[in-house]
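Structure record follows, encoded as structure tokens.
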Amino acid sequence: MNNKYEVMFIINPELGEDGIKAVSDKFKSMLESAGTVEAFAEWGKRRLAYPIQDLTEGYYVLATFEAAPTFPAELERIFKITDGILRYLVTRCE
């Protein structure tokens with residue numbers, strides 16, 4: 001049985017346009033292979049609420065998807081080891 005999830009992650013804007021696209025595409029393909037992607041919205045560069053690693057801006061991406069209950073733990077593990085990810089949050093939707 002699959003659950004619905006929402007994930008938001010912030011990419012370091014200093015990666016450049018190609019680097020941001022590569023990281024974004026990597027996670028989009030990972031979500032598509034693990035389940036069903038309902039929405040994948042790139043919000044673009046926005047100001048951070050507080051500085052992270054001396055940066056004041058980040059590239060925001062929001063996705064809603066349906067996947068197995070074990071997938072979010074694997075997704076978070078990949079977020080932790082990926083260079084260029086400033087912050088991420090995976091939540092289960094009701």
For this session: Using a cut-off of 12 Å between beta-carbons, work out the net charge of the residues near ALA41 (Lys and Arg +1, Asp and Glu -1, ALA41 not included).
Result: -2
For this session: Have a look at ASP18, ASP54, ASP83 and tell me which one the Gaussian network model of the chain (Cα, springs below 10 Å) gives the largest fluctuation.
Result: ASP54
For this session: With semi-axes √(5λ) of the Cα gyration tensor in Å defined as stated, name the option among (1) 19, 15, 12; (2) 23, 13, 12; (3) 31, 16, 10 computed from the structure displayed.
Result: (2)
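For ASP18 and PHE79 in the same chain, what is the full-extension length gain: residue separation times 0.36 nm, less their Cα-Cα distance, in nm?
Going from the current span to full extension adds 20.1 nm.
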Exercise. By how many degrees, 0 to 90 and rounded to 10, does the Cα axis of helix 71-81 deviate from the longest principal axis of the chain?
Worked result: 20
Problem set entry | Highest-MSF residue in the chain out of PRO51, PRO13, PRO72 [GNM, Cα springs under 10 Å] | PRO51
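Read-outs throughout are calculated quantities, based only on the coordinates presented, and are distinct from any laboratory measurement. Since this is a predicted model, take the numbers as computed values, not measurements. Neighbour counts run over all protein chains shown; Cβ positions are idealised from the backbone, glycine included.
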